[in-house]
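Enquirer: Sharing a structure below in structure tokens format, with a few things to ask.
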Amino acid sequence: MLRQYRVVFGPAKTYFHNSLNRFYVVDSGMLEAFAPPSSESLQKIQESQSATVDTPKSGSTKNESSLSVLFGTSQLNDTPISNTSGDGINWSDSFHGLGICSFSNESSNILCQPISNEDVEITPDGLLYLPEIKYRRILNKAFGPGGWGLAPRSETLINKSKFGGGTLTREYALIVQGRLVSIARGEQDFFSEKGIPTATEGCKSNALMRCCKDLGVASELWDPRFIRSFKKSTCEEVFVEHITTKKKKKIWKRRDGLIEYPFKK
């Protein structure tokens, strides 16, 4: 069980204590692990008349707080705003319309149509992917611009690396024609704090790609037979040299593609 204490003496900080007897402190919006306080200090915190227990406003916020403490991550304090007026739907925790009916034949044909080999790209380590803008084009063609959207269902979690940078994640819901059709958590790496705004956009696009998988968009990219056939007919492995480190390695590329920075042949 996670308990939260707010201390009024000294610098304003919030202490967390869980069943694993690990302690964390939130200071200036960042979450950091620290050594357990002395039993005397902890007793003062627990017995302080000013100590309060803060309850998250929504289920998703509560889950994100637990996740951030469990994995030692920080948050951007961008919890989705709950609808307190009673009008509309709170997409941060609603499953409204999920699986209620299928889309029209016209929309379904657009979503499930085979992708063109010209649209498929390959990463240097051999993973096939479709550029995120092409997922958006398919959705716009199937439902029209404005007929779909992504709604955040959680805060943004940041797992920082000791070498600088880190990984950013956030959960999104794909809403189509006023009903929820899929939920996925996006992720994106970043290499400095200046890259966090760009990483949030990459995280959103990654969640969109994962949500589209439930609609059958570009389903070939998860088909082992298609992957083997495409790599054999359209791609090749080449030896390259890293421009900075001078290390040589083997990478994948399309036969009609170029070797791009930071590699050279």
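Here, each number is a calculation from the coordinates, and none is a lab measurement. Quick caveat: nothing in here was measured; it's all calculated off a predicted structure. Heads up, the Cβs are rebuilt from the backbone with ideal geometry, glycines too, and the neighbour counts pull from every protein chain shown.
Enquirer: Could you list Leu174, Leu168, Leu98, Leu150 so that the one with the fewest beta carbons within 10 Å of its beta carbon is first and the one with the most is last?
Expert: Fewest-to-most Cβ neighbours within 10 Å comes out as Leu98, Leu150, Leu174, Leu168.
Enquirer: Further question on the same structure: Within the stretch 152-191, list the chymotrypsin sites (Phe, Trp or Tyr not before Pro) lying in a DSSP loop whose Cβ has at most 12 other Cβ atoms in a 10 Å radius. Don't jump to the answer; show the numbers that get you there.
Expert: Numbers: sites: Phe163, Tyr172, Phe190, Phe191; in loops: Phe163, Phe191.
The qualifying sites are Phe163, Phe191.
Enquirer: Would you mind ranking Val238, Val176, Val217 by Cβ crowding within 10 Å, fewest neighbours first? Before the final figure, lay out each step's value.
Expert: Details: Val238 14, Val176 19, Val217 22.
Result, fewest neighbours first: Val238, Val176, Val217.
Enquirer: Return the long-range amide H neighbours of Trp91 (sequence gap of 5 or more, or a different chain), with a cut-off of under 5 Å between placed amide H atoms.
Expert: Excluding prolines and chain starts, which carry no amide H, there are no hits.
Enquirer: Once you have the Cα-Cα distance between Trp222 and Thr234, take 0.36 nm times their residue separation minus that, and quote the gain in nm to one decimal. Spell out each step's value before the answer.
Expert: Numbers: separation 12, 0.36 × 12 = 4.32 nm, distance 1.69 nm.
Roughly 2.6 nm would be gained on extension.
Enquirer: Can you sort Tyr129, Tyr135, Tyr261 from fewest to most other Cβ atoms within 10 Å of each residue's own Cβ? Numbers along the way, then the final one.
Expert: Details: Tyr129 13, Tyr135 19, Tyr261 8.
Ascending Cβ contact count within 10 Å gives the list Tyr261, Tyr129, Tyr135.
Enquirer: Using 0.36 nm times the number of residues separating Ile89 and Lys141, minus their current alpha carbon distance, what extension gain do you get?
Expert: Working it through step by step, the gained length comes to 16.2 nm.
Enquirer: Does the stretch 225-265 come out rounded, prolate or oblate by the C-alpha gyration tensor, with a ≥ b ≥ c the root eigenvalues, rounded set by a/c under 1.5 and, if not, prolate when a/b is larger than b/c and oblate if not?
Expert: Values: a/c = 3.62, a/b = 2.43, b/c = 1.49.
Prolate, because a/c is 1.5 or more and a/b exceeds b/c.
Enquirer: Roughly how many debye, to the nearest 20, is the charge dipole of the stretch 109-265 about its Cα centre, given +1 on each Lys and Arg Cβ, -1 on each Asp and Glu Cβ, and no other charges?
Expert: Working: 28 positive and 19 negative charges, 83 e Å.
Result for the stretch 109-265 is approximately 400 debye, rounded to the nearest 20.
Enquirer: Express in nm, to one decimal, how much length is gained between Asp256 and Thr244 on full extension, taking 0.36 nm for each residue of separation and deducting their alpha carbon distance. Before the final figure, lay out each step's value.
Expert: Values: separation 12, 0.36 × 12 = 4.32 nm, distance 2.51 nm.
Going from the current span to full extension adds 1.8 nm.
Enquirer: Go through the stretch 232-262 and name the GluC sites (Glu not before Pro) that are in a DSSP coil and have 13 or fewer other Cβ atoms within 10 Å of their Cβ.
Expert: Numbers: sites: Glu236, Glu237, Glu241, Glu260; in loops: Glu260.
Here the sparse-neighbourhood loop sites are Glu260.
Enquirer: Local charge sum around Ser104 (other residues, Cβ-Cβ under 15 Å, Lys/Arg +1, Asp/Glu -1)? Intermediate values should be presented prior to the final figure.
Expert: Numbers: positive: Lys141, Arg179; negative: Glu106.
Here the charged neighbours net out to +1.
Enquirer: Obtain the nm distance between the two label points defined at Glu201 and Tyr129 by a simple spin-label model: each point lies 7 Å from its Cα along the Cα-to-C-beta direction.
Expert: The two pseudo-label positions are separated by 1.6 nm.
Enquirer: Please label the shape of the stretch 105-222 as rounded, prolate or oblate, based on the square roots a ≥ b ≥ c of the eigenvalues of the alpha-carbon gyration tensor (a/c under 1.5 means rounded; beyond that, a/b larger than b/c means prolate, else oblate).
Expert: Details: a/c = 2.58, a/b = 1.47, b/c = 1.75.
It comes out oblate by the Cα gyration axes.
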